[in-house]
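Below is one structure, written out as structure tokens; the observations come after it.
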Amino acid sequence: MTIWGLVRTGGWTMIVLLLCSFVSLAIIIERFVYYRRRSRVKRLAFMKRITKDLNDGDVNKALEVAKHTDTPFSKVVYSGLNLHGHNEVLISNTMGREIAIETTKLERYTTIVGTIGSTAVYIGLFGTVLGIIRAFHDISLSGSGGITVVIAGISEALACTAAGLCVAVPAVIAYNYFSKKIDNFISDMELCASELVDLIAVKKK
């Protein structure tokens, strides 16, 4: 059976699943590219450079490095370096707020993928139930049946469940991957914030 034949068999349920598939795929590609671009610079190498600049007393150079590095933890460090010379509590609170902002950016659209992954199977199952009901209804109206007719109707109805699984499985895998990446980004941001506060405290002594 062709894809168009499956869509015609599944009816509006198959159309909903196709729309979910397109939305899920678009978000997966966008998020994958977003995370990949912000993973090019490693935290250890970045903080080593920031530490060197601060030890040399060149805060402006450290600010330039943080400003032109496109990673979530560099944004956190930049927000802290902008307040260099102020109270450590103020710096720490500012970086905490920046972590919350960057986390929101990292989590953007991921809940949509998670929702699609958790509901696509049920949408497909709903389409299958409707298809089976329709198949038995058609048999009752025609007055003829037999195992061949019943099996043909059920096999067509099960196409919705198969489509639901095809949409749900990649979405769930992608959502779990995104969750792990976000956790790693948050860990890097928190470590950078903690390390910067320590560096500033040492410089004051």
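FYI, it's all coordinate maths here, none of it is from the lab. Everything numeric here is computed off the predicted structure, so don't read it as measured data. Note that we place each Cβ from the backbone using ideal geometry, even for glycine, and neighbour counts take in every protein chain shown.
Under 12 Å from a point 7 Å along the Cα-to-Cβ line of ARG49: which residues of region 63-96 have their amide N that close? Taking a point 7 Å out along Cα→Cβ of ARG49, the residues of region 63-96 whose backbone N falls under 12 Å are 63-71, 74.
For the pair ILE112 and LYS67, a Förster radius of 35 Å applied to the C-beta separation gives a FRET efficiency near 0.65, rounded to the nearest 0.05. Oblate is the label for region 26-110, because the ratio a/c of its alpha-carbon gyration tensor axes (a ≥ b ≥ c) is 1.5 or higher and a/b is not greater than b/c. Note on SER140 and LEU25: with the Förster distance fixed at 45 Å, the Cβ-Cβ geometry gives a FRET efficiency of about 0.65.
Each other residue within a Cβ distance under 11 Å of VAL41 adds +1 if Lys or Arg and -1 if Asp or Glu, for a net charge of +4. Summary of the geometry: region 28-83 and region 100-127, compared by the centres of their Cα atoms, lie 29 Å apart. Our coupling estimate for region 169-174, obtained by passing each phi through the Karplus curve with A = 6.51, B = -1.76, C = 1.60 and θ = phi - 60°, is 4, x, 5, 5, 4, 5 Hz, Gly and Pro reported as x. Ordered by the number of other Cβ atoms lying within 10 Å of each residue's own Cβ, fewest first, HIS84, HIS68 fall into the sequence HIS68, HIS84. Modelled spin labels at VAL41 and ARG97, positioned 7 Å past Cα toward Cβ, are 2.2 nm from each other.
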